[in-house]
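The structure appears below as structure tokens.
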Amino acid sequence: MRATLTTCPYCGTGCNFYLLSDDKGRLTGIEPAGKHSTSRGQLCLKGWNAHAFVHHPERLTTPQIRIDGRLQSCSWEQALAETHMQLKRIAENHGPDSLMFLSSAKVSNEENFLMMKLARAGFGTNNIDHCARLCHSSTVTGLVETLGSGAMTNSLSCFNQTDLVFVIGSNTTEQHPLIGSRILQAQQRGAGLIVADSRKIQLAEHANLHLRHHNGTDVALINGMMRQILLDGLEDRNFIDKRTENFAALRDSLEAFTPQYVAGITGLKEHEITAAARLYAQAEKVMIVFAMGITQHTHGVDNVRALSNLALMTGNLGRPGTGINPLRGQNNVQGACDMGALPDVYSGYQRVADARTRLKFSAAWKKSLPEKPGLMATHAIEAAAAGQIRGMLIMGENPMLSEPNQKHVRMALKNLEFLAVIDIFPTETAQLADLVLPAACYAERDGTYTSTERRIQRGRKAVAPPGAARADWQILGDLLRRCGVPADYSSPAEIMEEIARLTPSYGGATYARLEQGESLQWPCPEPEHPGTAILHRDQCTRGKGRFSPTRYRPPQELPDEHYPFLLNTGRTAVHWHTGSMTRRSHLLEREEPQAYTEIHPQDAQKLNISERQMLRISSRRGTIEVSARLTERVPPGQIFIPFHYAEGAANVLTNNALDPESGIPEFKVCAVRVELC
Ligand SMILES: Nc1nc2c(c(=O)[nH]1)N[C@H]1C(S)=C(S)[C@@H](COP(=O)(O)OP(=O)(O)OC[C@H]3O[C@@H](n4cnc5c(=O)[nH]c(N)nc54)[C@H](O)[C@@H]3O)O[C@H]1N2
Ligand SMILES: Nc1nc2c(c(=O)[nH]1)N[C@H]1C(S)=C(S)[C@@H](COP(=O)(O)OP(=O)(O)OC[C@H]3O[C@@H](n4cnc5c(=O)[nH]c(N)nc54)[C@H](O)[C@@H]3O)O[C@H]1N2
Ligand code: SF4
Ligand SMILES: [Mo]
């Protein structure tokens, strides 16, 4: 029996565990890592089952090429030569910006770095993005503007010291379970807890105050809280004077947000708004915790700005137990952003528009590099539908189930001249591809991953990949060499040396340090630097914190007489996104085997719906069938569908309306009709 210490492949909490394997090279189980600072010997259900999909019989084991409409096995040489040739042909005929590269928050930092190098140096386009677009792109835009850095400001250990946690739009106990349990521990030791979520999630049952405002009305709620804080004189004058700018503009913008006005928009009682303001402002140290309930709106960036304003106004920044804490979702979505798998920045958020930065990367990679920022993932789907994007390489993403408005996505992907997919399973997206390349999974390769608290950690190879599958970094290295870009890496450690050389915030990150048991929170600029637990300590990354006033804008599509229900979408505790891994993990699939919708018992009674009955749910974009789950978790008038199930796919229904600044879709609000099947 061997035990290999590694990082969990599911959420951004960044738990560590040991993968147990036998002498035949098969994984047999998981053992928690007792000494790890985040997981402290605990794991959630997904962590305990993270070995279960690895040897699944449906793993991709050979490259496949489409001949006469059917995917058929082929050699690596044929698959790689064809991928390179097709992408090169399209770039030559229609320009490099007719290509799109989708990177992955499931793969390592090293692999994300190579993907962005391939797009930029290999094919000459900045058209690279990944699922952060669907997730925290509004956070990055909003926080870069107000603070200068888009990352979680504080550390998970700060929950031990905080006086109040304000959880808004995060179902923490189900989606970041080991962070959820820290919040519950804080509450048990006497810290306050405010939860703002229309659903009665588990944390709401423990909260001092549960605000069940309508989805999409957070700007009004937060502005109302801030107006009340100023009225009560509970703001932090000293912090505002010394550390911020643009306060007068913010103060003026809040005038209209009286309790009465805010109650009218949000559906809350006036006293709930004043109570929230006072609880928040009277606590000495408050941590704001947020996730998709805030970001996935056509006003997602405004939501984030409003939260940033609230923290700045009360001086809740730069100290232990405070901060603005976006919980990053995927195991390596922080890292994929840090590595520049984004259309406008190289690694470390160095802007492609900046000539000196371009020159630096150009000298290192011996290629001239494109100047114009690239397309966002959501815009690339639209461009593919319009015939402007003609070739796509997708690594470790399943947009057929994860992007909004599935019919539109299918049409866009089918419209491509060439689609190559690198994945570990035959996903709904891979089934549309011209070429499928089989990848090694987390347990079969070395690499580093960056968790939500900016902590860079090792993933380690425990077993060999199945059949002919190869690690993503090996596949990308081969494609880079075919493009004539230097990429002779013999291991991910060598890629990390290049990352550290070119990326100031990762300058001190080396495999040698990680091997000695250090786990480093960036910024970590030099080999001797210990890493940074709390950002914006003496000043913000941008200098002064900037107040950024916001106006209330309603969601794009609200219920009406034809589509009378509000559809909220998201997740359950046991499944992961498009289900490729958890639905192939038998204990997890046994827990939640069927697509369902939460519906309030009052609504069920009106429509004559009983528990488990099959329902037909329709929006302006399509129809699905799911089973009914009667529960008071959702308020009347709202239904909630998790998007994990291909056979009852929530994203058939969702609206592909985008936030104009961040390009994030409005996954949390659209209008639907509910009927009996
Ligand atoms: N088990 C499991 N864990 C996961 C994932 C998974 O698929 N499965 N995915 C990971 C990823 S990538 C991410 S991004 C995170 C997401 O983690 P979360 O954001 O916590 O999860 P969601 O279910 O998308 O939505 C959270 C809550 O937002 C609420 N909400 C909806 N609209 C609004 C609104 O307008 N305002 C407010 N205040 N709240 C609203 C919903 O009711 C829901 O309870 O989870 C990560 N963890
Ligand atoms: N309706 C609705 N839709 C949503 C959301 C929502 O709340 N509501 N949330 C959005 C959010 S926050 C996110 S993050 C996205 C997620 O969207 P996606 O990233 O598209 O979803 P995943 O299922 O996580 O896809 C990851 C893919 O990577 C593959 N994979 C796993 N490990 C490896 C590996 O090592 N190498 C390679 N090459 N592949 C690998 C998996 O098999 C899987 O196909 O979904 C978004 N979509
Ligand atoms: S909380 Fe997240 S990182 Fe920790 S075991 Fe669960 S899924 Fe893995
Ligand atoms: Mo996400």
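Scanning the range 313-331 for residues that are more than 15 Å from ligand 1 (Cβ to nearest atom) and part of a loop (DSSP other than H, G, I, E, B) yields a total of 10.
Among the residues of the range 185-217, which ones are on the phi > 0 side of the Ramachandran plot and over 23 Å from the mean Cα position of the chain (by Cα)?
Within the range 185-217, just Gly190 meets the criteria.
Would you confirm whether any residue within the range 101-108 is within 30 Å of Glu518 (Cβ to Cβ), surrounded by fewer than 16 Cβ atoms within 10 Å (Cβ to Cβ) and modelled with pLDDT of 95 or more? There is no residue in the range 101-108 that is within 30 Å of Glu518 (Cβ to Cβ), surrounded by fewer than 16 Cβ atoms within 10 Å (Cβ to Cβ) and modelled with pLDDT of 95 or more. Each residue in the range 596-650 was checked for being touching a residue at least 40 places away in the same chain (Cβ under 8 Å), exposed (fewer than 14 other Cβ atoms within 10 Å of the Cβ) and either basic (Lys, Arg) or within 22 Å of Ile201 (Cβ to Cβ) (or both), and 2 of them qualify. Counted as qualifying within the range 208-312 are the helices (runs of 4 or more DSSP H) with 1 or more residues that are among the β-branched types (Val, Ile, Thr), namely 218-231, 237-243, 259-266, 270-282, 292-295. A single entry from Leu20, Leu27 fulfils the requirement of being surrounded by 18 or more Cβ atoms within 10 Å (Cβ to Cβ) and either more than 24 Å from Gln175 (Cβ to Cβ) or under 25 Å from the mean Cα position of the chain (by Cα) (or both): Leu27.
Scanning the range 502-545 for residues being at positive phi and either buried (at least 18 other Cβ atoms within 10 Å of the Cβ) or free of Cβ contacts under 8 Å to residues at least 24 places away in the same chain (or both) gives a total of 3. The residue pairs whose first member lies in the range 380-394 and is among the acidic types (Asp, Glu), whose second member is assigned to a helix (DSSP H, G or I), and whose beta carbons are closer than 8 Å, counting only pairs six or more residues apart or on different chains, are Glu382/Ala412.
Inspection of the range 190-208 identifies at least one residue that is among the polar types (S, T, N, Q), more than 16 Å from ligand 3 (Cβ to nearest atom) and touching a residue at least 40 places away in the same chain (Cβ under 8 Å). Restricting attention to the range 304-352 and to residues that are crowded, with 24+ Cβ neighbours inside 10 Å and charged (D, E, K, R), the residue that is nearest to ligand 4 (Cβ to nearest atom) turns out to be Arg328.
The single condition among (1) assigned to a helix (DSSP H, G or I); (2) touching a residue at least 40 places away in the same chain (Cβ under 8 Å) that Gln185 does not meet is (2).
So that you can scan it fast, the table gives a plain yes or no per residue for (1) away from ligand 1 (no atom under 14 Å from the Cβ); (2) more than 22 Å from Val409 (Cα to Cα):
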{"site": "His575", "(1), (2)": "no, yes"}
{"site": "Arg583", "(1), (2)": "no, yes"}
{"site": "Gln602", "(1), (2)": "yes, yes"}
{"site": "Arg621", "(1), (2)": "yes, no"}
{"site": "Leu630", "(1), (2)": "yes, yes"}
{"site": "Val634", "(1), (2)": "no, yes"}
{"site": "Glu666", "(1), (2)": "no, no"}
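Considering only residues in the range 12-43 that are in contact with a Cys (Cβ under 8 Å, 6 or more places away or on another chain) and within 14 Å of ligand 1 (Cβ to nearest atom), the one that is nearest to Val333 (Cα to Cα) turns out to be Gly14. Counted as qualifying within the range 630-677 are the strands (runs of 3 or more DSSP E) with 2 or more residues that are away from ligand 3 (no atom under 16 Å from the Cβ) and more than 25 Å from Ser580 (Cα to Cα), namely 655-658, 670-676.
For the range 563-617, which residues satisfy the criterion of being assigned to a loop (DSSP other than H, G, I, E, B) and touching a Leu at 6+ places or on another chain (Cβ under 6 Å)? Spell out how you get there, then give the answer.
As a first pass, look at the range 563-617 and keep what is assigned to a loop (DSSP other than H, G, I, E, B): 563-564, 571-581, 585, 592-595, 600, 608-613.
Val574, Thr578, Glu611, listed by residue number.
Within the bounds of the range 429-447, is there any residue that is in contact with a Lys or Arg (Cβ under 9 Å, 6 or more places away or on another chain), in the same structural domain as Leu514 (by TED's automatic domain parsing), free of Cβ contacts under 8 Å to residues at least 40 places away in the same chain and not hydrophobic (A, V, I, L, M, F, W, C)? Checked the range 429-447: no residue is in contact with a Lys or Arg (Cβ under 9 Å, 6 or more places away or on another chain), in the same structural domain as Leu514 (by TED's automatic domain parsing), free of Cβ contacts under 8 Å to residues at least 40 places away in the same chain and not hydrophobic (A, V, I, L, M, F, W, C). Considering (1) surrounded by fewer than 16 Cβ atoms within 10 Å (Cβ to Cβ); (2) more than 16 Å from Leu312 (Cα to Cα); (3) among the charged types (D, E, K, R), the lone condition that Glu272 does not fulfil carries the number (1).
The values are calculated or read from the model by the stated rules, or taken from the named source; none is laboratory data. Everything numeric here is computed off the predicted structure, so don't read it as measured data. Please note: Cβ atoms are built from the backbone with ideal geometry, for glycine as well, and neighbour counts cover all protein chains shown.
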